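The values are calculated or read from the model by the stated rules, or taken from the named source; none is laboratory data. It should be emphasised that the depicted structure is a prediction, and the values quoted were computed from it without experimental measurement. Here the Cβ positions follow ideal geometry from the backbone for every residue, glycine too, while neighbour counts run over all protein chains shown. Remember, those area values only see protein heavy atoms, side chains included, never the ligands or the DNA or RNA. Shrake-Rupley method; radii C 1.70, N 1.55, O 1.52, S 1.80 Å.
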Amino acid sequence: MMNQVKYDSLRVKFEALCYEDFRYSMEKGDFVAEFDFVLKGERHFEGNEMESGNPKQIEFHPCFCIPARSFYHWDAIPKPFLDNLVFHIGMIELVSYWKIACPKNVVIKPFPLNEEQIAWWKKLYFNGLGEFFYVNGIQTDIDEFMELSSSRPQRSGVENYMPDYDALLHEQALIPVGGGKDSVVTLELLKNKLPSIPLIINPRGATKECVAAAGFDESRTAVILRTLDPTMLKMNAEGYLNGHTPFSALLAFYTILIGFATKSKYIALSNESSANEPTVPDTEINHQYSKSVAFENDFRSYVRQYINADIQYFSFLRPLNELQIAKLFSRAGGYRKVFKSCNAGSKTDSWCGKCPKCLFTWLALSPFISRTELTEIFGKDLLKDNDLRPVLDQLDGTVEVKPFECVGTVGEVRACINNILYHDDNLKDTILYGMQPIDGLSVEDYVSQFDDRNNLSESFQNIIKEALYD
């Protein structure tokens, strides 16, 4: 309720968020870009502004840097086309700055947007911020939450963003790596099938070590150094609205830029079919919305129409569920001690051992990796941590709402619990002690599935089937 009041009052205090402009340049081989966002407030008359009555405004200037690599072809990209690529990254970066005060009006100045694009972006913002609205208790709808408009373009020639530009893309895969088991599986299955380039945003220990374990050194890895504006971070600390944003949607637009810069025809994400399940049952609220096949389909359509039809964005693991990915990961050597997918422990490059992501990853791997080795991986036996029982209740559907984390489906969790109950005789003093098997599919049932709701060509599907059923 308090955040609803804050939301309503901030929308009165701040009248608009404006995407003013962007710029980019090459600096010693690095590609560097910066955005100009302005949060415009109500007119007020105090201090030196007594006479002018100018609206108070807050400026944000997020930026990113792509360090030089020999595989980039920046000079081959026509400037109007490159302008369009960078502009679109600004459109998705903007969401982090909008949620600070949630102003009713959002004005886009660098490029024109038609009605179809405006509807597309409003859908992405609304669904991508579904968790943000839910957790903050904010009541709104897609028609009311935002008025998105595009003012007269400030740049010459922006009407022609060259969607038919022939980039002469290569049979090559760009593979984003997050440091968890999923992107490891994609790397392992694709690296020997066609030329591949790992991509890391803001490298940390796990991402760098996973890439190294796959056989890629720094010179063969694309890196994006993304920097948030410090004013936004300060406002978050001061109590302005804050919450989850659709990071995977942001990653999607960055991959398109890197894809054309490296002439990679394929952008192979590692989002699984399990990401399609809503976090809140019987709603569209999904922590993993921008990892879902619904977003993937929308994004592919948008890229074809407003950027370029040659590049192919898809999730390579979309036909698979979390347990199939866990099985394939368990077969990959050299990653068990270096992979990490715990958000809480990301700053220290560790498993926190207390969060839903840690417990889910343990459960998903438990049919394929021994409890002894899982204890070594996570630094403790998670099954013996009684503080995790409420987390288990969220994961297995005992309580209605799943954790707002990138975790698998309720059915997958139940299958893993049943598997442990059937095969582990040492469950006294664990969070599973006294539990009875839950009706549902078995681990074997999940491992035998193949989801046809995917955007993979036959050749990519065959790579997965060969690995899965070998």
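Quick one: is Leu168 of a type in the set (A, V, I, L, M), at pLDDT below 95, over 30 Å from Ser350 (Cα atoms) and not in a helix (DSSP H, G or I)? Show your work before the answer.
Details: of a type in the set (A, V, I, L, M): yes; at pLDDT below 95: yes; over 30 Å from Ser350 (Cα atoms): yes; not in a helix (DSSP H, G or I): yes.
It is true that Leu168 is of a type in the set (A, V, I, L, M), at pLDDT below 95, over 30 Å from Ser350 (Cα atoms) and not in a helix (DSSP H, G or I).
Would you check if Leu456 is hydrophobic (A, V, I, L, M, F, W, C), over 20 Å from Arg318 (Cβ atoms) and modelled with pLDDT of 90 or more? Reasoning before the result, please.
Values: hydrophobic (A, V, I, L, M, F, W, C): yes; over 20 Å from Arg318 (Cβ atoms): no; modelled with pLDDT of 90 or more: yes.
Criteria not met by Leu456.
Out of Lys181, Lys291, I need the residue that is in contact (Cβ under 8 Å) with a residue 60 or more places away in the chain and touching a Cys at 6+ places or on another chain (Cβ under 9 Å). Which one? Even if it seems obvious, please write down each step before you answer.
Details: Lys181 fails: touching a Cys at 6+ places or on another chain (Cβ under 9 Å).
Answer to the check: Lys291.
What tally of residues in the range 309-348 results from selecting those that are in a loop (DSSP other than H, G, I, E, B) and at negative phi?
To start, the set of residues in the range 309-348 that are in a loop (DSSP other than H, G, I, E, B) comprises 309-311, 316-321, 332-345.
Imposing the further condition that a residue be at negative phi reduces the set to 309-311, 316-321, 332-333, 335-345.
Residues that pass the stated criteria total 22.
Quick check, is Asn192 under 16 Å from the mean Cα position of the chain (by Cα) and surrounded by fewer than 17 Cβ atoms within 10 Å (Cβ to Cβ)? Quick ask: steps written out before the conclusion?
On the way: under 16 Å from the mean Cα position of the chain (by Cα): no; surrounded by fewer than 17 Cβ atoms within 10 Å (Cβ to Cβ): yes.
So Asn192 does not fit the description; no.
Within the range 180-191, is there a residue that is touching an Asp or Glu at 6+ places or on another chain (Cβ under 7 Å) and either modelled with pLDDT under 95 or assigned to a helix (DSSP H, G or I) (or both)?
As a first pass, look at the range 180-191 and keep what is touching an Asp or Glu at 6+ places or on another chain (Cβ under 7 Å): 182.
Those still in the list that are either modelled with pLDDT under 95 or assigned to a helix (DSSP H, G or I) (or both) too: 182.
Yes, some residue in the range 180-191 is touching an Asp or Glu at 6+ places or on another chain (Cβ under 7 Å) and either modelled with pLDDT under 95 or assigned to a helix (DSSP H, G or I) (or both).
It is to be established whether one or more residues within the range 295-304 are touching a helix residue (DSSP H, G or I) at 6+ places or on another chain (Cβ under 8 Å), open to solvent by 10 Å² or more (accessible area, probe 1.4 Å) and not in a loop (DSSP other than H, G, I, E, B).
Pass one, the range 295-304, residues touching a helix residue (DSSP H, G or I) at 6+ places or on another chain (Cβ under 8 Å): 295, 298-299, 302-303.
From what's left, open to solvent by 10 Å² or more (accessible area, probe 1.4 Å): 298.
Then keep just the ones that are not in a loop (DSSP other than H, G, I, E, B); that gives 298.
Taking every residue of the range 295-304 in turn, at least one turns out to be touching a helix residue (DSSP H, G or I) at 6+ places or on another chain (Cβ under 8 Å), open to solvent by 10 Å² or more (accessible area, probe 1.4 Å) and not in a loop (DSSP other than H, G, I, E, B).
So which residues in the range 328-348 are open to solvent by less than 40 Å² (accessible area, probe 1.4 Å) and without any contact (Cβ under 8 Å) to a residue 40 or more places away in the chain?
Ser330, Cys342, Gly345
Taking the range 1-19, which residues are touching a strand residue (DSSP E or B) at 6+ places or on another chain (Cβ under 9 Å), surrounded by fewer than 17 Cβ atoms within 10 Å (Cβ to Cβ) and not hydrophobic (A, V, I, L, M, F, W, C)?
Lys13
Return the residues of the range 72-95 that are in contact (Cβ under 8 Å) with a residue 24 or more places away in the chain and out of contact with any strand residue (DSSP E or B) (no Cβ under 8 Å at 6 or more places or on another chain); say none if nothing qualifies. First the steps, then the outcome.
Quick first cut of the range 72-95, residues in contact (Cβ under 8 Å) with a residue 24 or more places away in the chain only: 72-74, 76-78, 80-95.
Once the filter is applied, which keeps residues that are in contact (Cβ under 8 Å) with a residue 24 or more places away in the chain and out of contact with any strand residue (DSSP E or B) (no Cβ under 8 Å at 6 or more places or on another chain), the range 72-95 yields His73, Ala76, Ile77, Pro78, Pro80, Phe81, Asp83, Asn84, Leu85, His88, Ile92, Val95.
Residue by residue through the range 255-293, note down the ones that are more than 14 Å from the chain's Cα centre (by Cα), in a helix (DSSP H, G or I) and modelled with pLDDT under 95.
Those that are more than 14 Å from the chain's Cα centre (by Cα), in a helix (DSSP H, G or I) and modelled with pLDDT under 95: Ser273, Ser274.
Quick test for you: out of Ile66, Ile108, Ile100, pick the one residue that is within 19 Å of the chain's Cα centre (by Cα) and open to solvent by less than 10 Å² (accessible area, probe 1.4 Å).
Working: Ile108 fails: within 19 Å of the chain's Cα centre (by Cα); Ile100 fails: within 19 Å of the chain's Cα centre (by Cα).
Every option except Ile66 fails the conditions.
Out of curiosity, is Leu251 open to solvent by 10 Å² or more (accessible area, probe 1.4 Å), under 30 Å from Leu168 (Cβ atoms) and assigned to a helix (DSSP H, G or I)?
Details: open to solvent by 10 Å² or more (accessible area, probe 1.4 Å): yes; under 30 Å from Leu168 (Cβ atoms): yes; assigned to a helix (DSSP H, G or I): yes.
When the stated conditions are applied, Leu251 passes them.
Residue under question is Thr245, and the condition is that it be part of a helix (DSSP H, G or I) and either open to solvent by 50 Å² or more (accessible area, probe 1.4 Å) or not basic (Lys, Arg) (or both); does it hold?
Working: part of a helix (DSSP H, G or I): no; either open to solvent by 50 Å² or more (accessible area, probe 1.4 Å) or not basic (Lys, Arg) (or both): yes.
Taking the combined requirement at face value, the residue does not satisfy it.
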